[in-house]
Amino acid sequence: MATTSSDLGGPKPMTRRRAETRRRVMAAAYEVFTELGIRDAPVELICDRAGFTRGAFYSNFASKEELFLAIYEAEMRERAERLRAAVEAAADAAGPVDEVLRQAGLLFMNSLAADETWYLLNAEFRAQAMRQPELREPTAAAEARFHDELAEILQHLLGRLELRLTVDPRSAVVTIVALYETMLQRAILDALPDRADSRYLTDVLPRLFTALVEPAG
């Protein structure tokens, strides 16, 4: 059963040295997870790649699962920041509202899984979380924080365009994310050479995006 930092007496103070150790372990883990998958990635190999001992690993992360969640949070935070900037640029660009929404829809899609590798890691971890009850709550919480950020970005964009959602913001984001992941999975299984070329990602999803909004007021 995976443990959490609370099982170890609560989180330790985040000193500069500890933050650098965590960063290096997370970077090494991302490489190893990509090569071997999360389940089959040995902690020893992650430590070796990062240049630390097992002691350094377990003083920062209680398990590989906790480590992956830390990577997930960092990745999603970075993607949300890039998305926020890109959406602002799209809103600033002159052009019809429909075109701005289409571009924004594509930006939202791209922020969820910039590449196949990241999507596959997410899919593997989510499958583990579904099977292990102790992983469900922290996984759901991490995803909810990302969805809240996406909802905030979406509402800000629509406000600038004098539009509003026809459904609850969280529901809109969850629907968009779920359909996006399904279509990306289809693109992978169909072995499309360019995932972004899928008509689902370039046509269907942007249409869904625009279908969820209406004029404000």
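Just so you know, all these numbers are worked out from the coordinates, no wet-lab data involved. Nothing here was measured: the structure is a model prediction, and the numbers come from that model. When we count neighbours, we look across all protein chains shown, and the Cβ atoms used for this are built from the backbone with ideal geometry, even at glycine.
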Neighbourhood charge, 14 Å Cβ-Cβ cut-off, centred on ARG84 and excluding it, Lys, Arg +1 and Asp, Glu -1: -3
Using a cut-off of 11 Å between beta-carbons, work out the net charge of the residues near ARG126 (Lys and Arg +1, Asp and Glu -1, ARG126 not included). -1
If each residue of separation counts as 0.36 nm, what is the full-extension length gain between ALA216 and ALA91 once their alpha-carbon separation is subtracted? 43.4 nm
Take VAL177, VAL97 and order them by how many other Cβ atoms sit within 10 Å, fewest up front. VAL97, VAL177
Could you please rank GLU152, GLU75, placing first whichever residue has the fewest other Cβ atoms within 10 Å of its Cβ? GLU152, GLU75
Per-residue Cβ contact counts at 10 Å, fewest first, order THR210, THR53 as THR53, THR210
Here the net charge surrounding ARG102, from other residues whose Cβ is less than 13 Å away from its Cβ (Lys, Arg +1; Asp, Glu -1), is -2
Size of the stretch 10-61 as Cα extents on the principal axes (Å, biggest first): 31, 18, 15
Simple Cβ-charge dipole of the stretch 10-61, Lys/Arg +1 and Asp/Glu -1, about Cα centre, in debye nearest 20: 440
Nearest 20 debye, what's the magnitude of the dipole of the stretch 39-98 about its Cα centre given +1 on Lys and Arg Cβ and -1 on Asp and Glu Cβ? 220
In whole angstrom, how long is each semi-axis of the equivalent ellipsoid of the stretch 69-215, when you take the square root of 5 times every eigenvalue of its Cα gyration tensor and sort them from largest down? 26, 18, 14
Amide H neighbours of ARG164 under 5 Å, counting only residues 5+ apart in sequence or on other chains, H built in-plane at 1.01 Å? GLU214, ALA216
In whole percent, what relative contact order does the stretch 69-215 give with Cα contacts below 8 Å and a gap of six or more residues? 31
For the stretch 117-190, what class follows from the C-alpha gyration tensor (a ≥ b ≥ c being the square roots of its eigenvalues): rounded when a/c is under 1.5, otherwise prolate if a/b is larger than b/c, else oblate? oblate
